[in-house]
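The values are calculated or read from the model by the stated rules, or taken from the named source; none is laboratory data. All values derive from a computational prediction rather than experimental measurement. No Cβ is skipped: glycine too gets one built from the backbone with ideal geometry, and neighbour counts run over all protein chains shown.
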Amino acid sequence: MKGVFCNERFIEKEIVMGIRLFGSSCKDVSHSSCKCAPSVRTEYVYVREDSRNPNPDRFSIKKTKQVGRFLVASIQYPNCKNFEGDKILVFENVTERDLRTLRSLDPHFCDSSGHISPTARFVPTQKGWQYALTFCENA
């Protein structure tokens, strides 16, 4: 095991090696019917429960809108204190179905291929939602 820092959060990488004999060797629960290669990297994000940062394992999707290749999503993180935990996130090449199958969703930007990361974030207001839609229509 080895770890890396990503957006001021510690992410632990677990490397799973082996030969796939029956079915998938993937241990990532967010992959429903995985065709992953025998070597799989799983990432874990650790957040203290008393943290003001959003806990990526505790979120609910309030609403979404697909705009071309972008998905605008209003997400609520119940433990987060700023803006009552509401976030407006924009994802590229992600569908609502992809988002709803996730068990963990970190709202911070990260260049990891191991999990979905937002392309942009906007203030969680009606005006922020409109800005996000405008961004997607013009990007």
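A few points about this structure:
- Matching entry among P118, P54, P107 (being touching a helix residue (DSSP H, G or I) at 6+ places or on another chain (Cβ under 8 Å) and part of a loop (DSSP other than H, G, I, E, B)): P54
- Flag for E49 being at pLDDT below 90, out of contact with any helix residue (DSSP H, G or I) (no Cβ under 6 Å at 6 or more places or on another chain) and not β-branched (V, I, T): yes
- Residue within region 79-86 that is at pLDDT 95 or above, in the same structural domain as Y131 (by TED's automatic domain parsing), over 12 Å from the mean Cα position of the chain (by Cα) and surrounded by 13 or more Cβ atoms within 10 Å (Cβ to Cβ) present: yes
- Total residues in region 106-139, condition in contact with a Pro (Cβ under 7 Å, 6 or more places away or on another chain) and either farther than 15 Å from Y77 by Cβ or modelled with pLDDT under 95 (or both): 3
- Being among the aromatic types (F, W, Y) and surrounded by fewer than 16 Cβ atoms within 10 Å (Cβ to Cβ) is a condition met by at least one residue of region 101-119.
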